[in-house]
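The values are calculated or read from the model by the stated rules, or taken from the named source; none is laboratory data. Only a predicted model underlies this, so the values are computations on that prediction, with no experimental measurement involved. FYI the Cβ positions are ideal-geometry reconstructions off the backbone, even for glycines, and counts take in every protein chain you see. For the accessible areas, the whole protein counts, side chains as well, though only heavy atoms, and no ligand, DNA or RNA atoms are used. Shrake-Rupley method; radii C 1.70, N 1.55, O 1.52, S 1.80 Å.
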Amino acid sequence: MVAAGGRVVTVLDGGALVGVDARTSGVVWRVPLGRGSRQVDLSVSSADGQDLVTAITSSRAVTVNGASGAVVFDRGVGRGDEAVSTPLGVVIRRGEVSAQMRTPSGQWVTRAVPPASEPVAPWGSDLLSVNAMGQWWRVTSDRVSPAAKQLPSPAAGARPRGVLGSSGSGLLFAWTSKDGKRQLVQQYAWGDLTRPVKTVTAGRPGSGALSKDALRWSGDGTWFVLDQSLVNLATGKVVTLPADWATETVLTDRAYATPTTAGVRMVTRDGGISTDPIPDASSDHVGMPSAQLGSLGLVVAPGGDGDRLFAVTLATAAAATPTPAPSSATKTPAKPAPSTSTGKTSTPAPTKPKPKSPPKSTPAPTKPKPASTK
């Protein structure tokens, strides 16, 4: 598992978060996660110009400064509780009617959760909660909820379907058109949910209701893939992907699909699609990049004495021949997992995969050459 933010890359290593310098392979910091760290949800966000890495385990929610490893907060998660990392902070739901959240001042407070609603994100010292009917609440108390307000409909007769997700720019909510033939995604800005920002048509035309399980964000939160649609929130452009497209990994400026017999497919944020055929099965298998640091794709690959972190140059979609670049390696064990990056966007793109055989979930777009094997 990899998360990239700035120059230091965070990997999960034997029950600890480890910050590794992507250029020198040196370990910069280490934060043990302790009990319940086998299943970890790792995410990167930004606040006050700093990259923050949040790890949620079955028993803890920990946020650290991505550059220094300094612990911003460390909160226990009880049995039956659910911790969720949002772009605006961590929310821990405790049962059906209560949630805890961290305020901008660093204080943890309890807020009521309206019945049948979903805690979406902290809103200053308050809690934003939304239900599947498009009603929302800004909760200020741990005991009572205010009267519900209604999200504006994106079109006459559109039917609400539920929360899709959120990014640093706002909330995404799913609707179905009156005739049931179009799936609509409405973006609402944080701070004023009464003023819609943008409406796009996304998902499979004529399919069932949109699901948050089909939503995959880019690392910087400016675009996403939803079923067979790539949506650029900045421009409102929607690109329809191939009917058999199944997203494997979304980086900062590109997304990879699960490999097919034709090879490994990649789409850039502006909709450019390319396919790299799977090469000779005798070549070394490295794995799909799971995060991005500028123009580098970050890969965790198995080695003889432990997994290593590799950085490989990402070529452009139009390039006929990929150009792998030697980079750093570290002996920090980890398992490849889709992740995202909040590093600066560049204009590079996919490298040609070289797996031993076409794996089901983690094919390699390139064969990196580590600078060292320490």
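Some observations on this one:
- Computed on the Cα atoms alone, the convex hull of region 56-139 gives a volume of 91 cubic angstrom per residue.
- Multiplying the residue separation of residue 234 and residue 24 by 0.36 nm and subtracting their alpha-carbon distance yields 72.1 nm.
- Each residue of region 79-86 was assigned a 3J(HN,Hα) from its phi angle through the Karplus expression (A = 6.51, B = -1.76, C = 1.60, θ = phi - 60°), giving 5, x, 7, 10, 9, 10, 8, 10 Hz with x at Gly and Pro.
- Per-pair calculated FRET efficiency, R0 = 30 Å: residue 213 and residue 47 via Cβ, rounded to 0.05: 0.65
- Förster radius 22 Å - calculated FRET efficiency between residue 82 and residue 110 (Cβ-Cβ, nearest 0.05): 0.90
- Amide proton proximity set for residue 241, modelled H, under 5 Å, gap of 5+: 229, 230
- Local net charge near residue 270, Cβ-Cβ under 14 Å (Lys/Arg +1, Asp/Glu -1): +2
- Sites residue 178 and residue 142, calculated FRET efficiency, Cβ-Cβ separation with R0 56 Å, nearest 0.05: 0.90
- The share of accessible area on region 1-138 that comes from carbon and sulfur is 48 percent, using a 1.4 angstrom probe.
- Inter-part distance where region 230-253 and region 19-70 are each reduced to a Cα centre, Å: 27 Å
- Virtual spin-label span in nm between residue 270 and residue 194, 7 Å along Cα→Cβ: 3.9 nm
- Along region 90-100 the Karplus relation, 6.51 cos²θ - 1.76 cosθ + 1.60 evaluated at θ = phi - 60°, assigns HN-Hα couplings of 8, 10, 10, 7, 10, x, 8, 10, 8, 8, 10 Hz to successive residues, with x for each Gly and Pro.
- Phi to ³J(HN,Hα) by Karplus 6.51 cos²θ - 1.76 cosθ + 1.60 over region 41-58, Hz, x for Gly, Pro: 9, 10, 9, 10, 9, 10, 8, 6, x, 10, 7, 10, 10, 10, 10, 10, 10, 6
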